[in-house]
Amino acid sequence: MRPLPTLLTLALAAAFGGFTATAINAHLDNRAQAMPSATLPTIASLPAAAGGQPLPSLAPMLELAMPAVVSVNTKQVVRVRNPYFDDPFFRRLFPQVPQERINESLGSGVIIDAAKGYVLTNHHVIENADDVQVTLADGRTVKAEFLGSDADTDIALIRIPADKLTAIPLGNSDQLRVGDFVVAIGNPFGFSQTVTSGIVSAVGRSGIRGLGYQNFIQTDASINPGNSGGALVNLAGQLVGINTASFNPQGSMAGNIGLGLAIPSNLARNVVEQLIKHGVVVRGTLGVESQNLTAQIAQGLGLQEARGALVTRVLPGSSAAAAGVKPGDVIVAVDGQRVDSSQALHNIEGLRAVGSTLALELRRDGKPVQVKAALKEQPRAISGDTLDPRLGGATFIDLPESLRQADINGVLVSDVTRGSRAAQSGLARGDVILAASSGEFADLASWRASFDKRPPQLVLRILRGQVQGDLVMR
């Protein structure tokens, strides 16, 4: 059998990888001993120029962009729970045993305003941190000030008191197209100022369980642990995304498989503006409840395909009610953006600015209908006293989007005052209310609407940890 040409053999090794590459490389090693005249270095080397022009390089752009990418180090003091140390005798015998430990984590960040020292990063990078230190590209380390964050979009804003900073200009992520070249800059596994390149694999990616509001840029540029919060830049050196996650069914530590996700810069810009102005992110709602379509329901409504958000309830006084949306309508597009499911509609609501007017494309009795509705601000928290005396002392908020993406609907108990009526009935902070005898609800707005008529007996179905149960409120 004739030996394969050298370049073809190398190509096969790269294509098959793993065991195959090892076997072929072993074959090459053996053959190299038998054929000392092989000139692999000469064949593999690249010319300095092609057609009289220097080969293109990302180096000039990266020299400008890389100083704006920083390392974000966080520390969190965690109390170690040891039942033996509830006894003073054991504490006196073993005073040297630590009762606290410090959890440290490492991520990345991007300087977006050099004059003000604003650094953009991921919420999950700085979540629950007691101390945040930022290490600049020039080696300086400074303590960061927390300005605000939004867990549902995984965006956080911190500020560093330092001079001679370099910022990355924000680009327009809406102009990204599949196939555009992008570069990821960050600190994977603690290797600072690491650059990987690739293309935009998809835009508007959503439907990923366990994450919040989703409108991700998907890229095959390697994004690994430690890249979170780093920069995704275009070839002009503009920030088009914030690297947030890599997708691997085997877990993040299994390595990169070319499925990286980044938060679009336009979404990050909107969140930052709200954090600077309000300290929190204010979201809007159309005031509808909806469900996914089944093939049977779609057929009954005269639709050719089972896609869209079927409106099951229109809240009184909502913008959807004012626009004429009715139960039974199917929302199939918003501002020309296709809506395939109830979750997709909810995602769009959460990502659009409060006060913006949305063009809704509906199907009513199988016929197309177009209406316009403005997003009204949705309440961020509701006191139980305003709903029903039996809920006195409890405060309710909307569920985190990570739970909603896991197909859980309801409201979250954010606080219960000790000794209050709600506490005496057994309601606790962290409970998720899935259903109630007050009526159907899916979120905070419809939870409030369900108490228009107070039920004679108030029973809550709650999820506490992994256990469901019914709680009678007295």
Hey, what D do you get for region 133-234 in µm²/s if you plug the Kirkwood alpha-carbon radius into Stokes-Einstein at 25 °C and 0.890 mPa s? 160 µm²/s
Protection proxy (average C-beta count within 10 Å per residue), highest first, orders 227-240, 343-356, 451-464 as 227-240, 343-356, 451-464
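Considering all projection directions equally, how large on average is the shadow of the alpha-carbon convex hull of region 128-183, in square nanometres?
6.0 nm²
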Note down the Stokes-Einstein diffusion coefficient of region 188-234 in µm²/s, whole number, using a Kirkwood radius over alpha carbon pairs, 20 °C, and 1.002 mPa s. 179 µm²/s
Check the straight Cα-Cα distances from LYS367 and name the lysines below 16 Å, setting aside those fewer than 8 residues away within the same chain. LYS326
Placing +1 at every Lys and Arg Cβ and -1 at every Asp and Glu Cβ, with all other atoms neutral, what dipole size does region 232-369 have around its Cα centre, in debye to the nearest 20? 140 debye
Evaluate Rg over Rh across region 358-452, taking Cα atoms for both radii and Kirkwood's formula for Rh. 1.10
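Under a 1.4 Å probe, what is the accessible area of region 243-383 per residue, stated in Å²?
47 Å²
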Grab the eigenvalues of the alpha-carbon gyration tensor for region 172-314, scale each by 5, take roots, and send me the semi-axes largest first in whole angstrom. 33, 20, 15
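Lys and Arg at +1, Asp and Glu at -1: add these up for the other residues within a Cβ distance under 15 Å of GLN468 and post the number.
-1
The values are calculated or read from the model by the stated rules, or taken from the named source; none is laboratory data. Being a predicted model, the structure only gives us computed values, none of them experimental. Here Cβ is always computed from backbone atoms with ideal geometry, including for glycine, and neighbour counts include all displayed protein chains. Heavy atoms of the whole protein, side chains included, go into the accessibility calculation; ligands, DNA and RNA do not. Shrake-Rupley method; radii C 1.70, N 1.55, O 1.52, S 1.80 Å.
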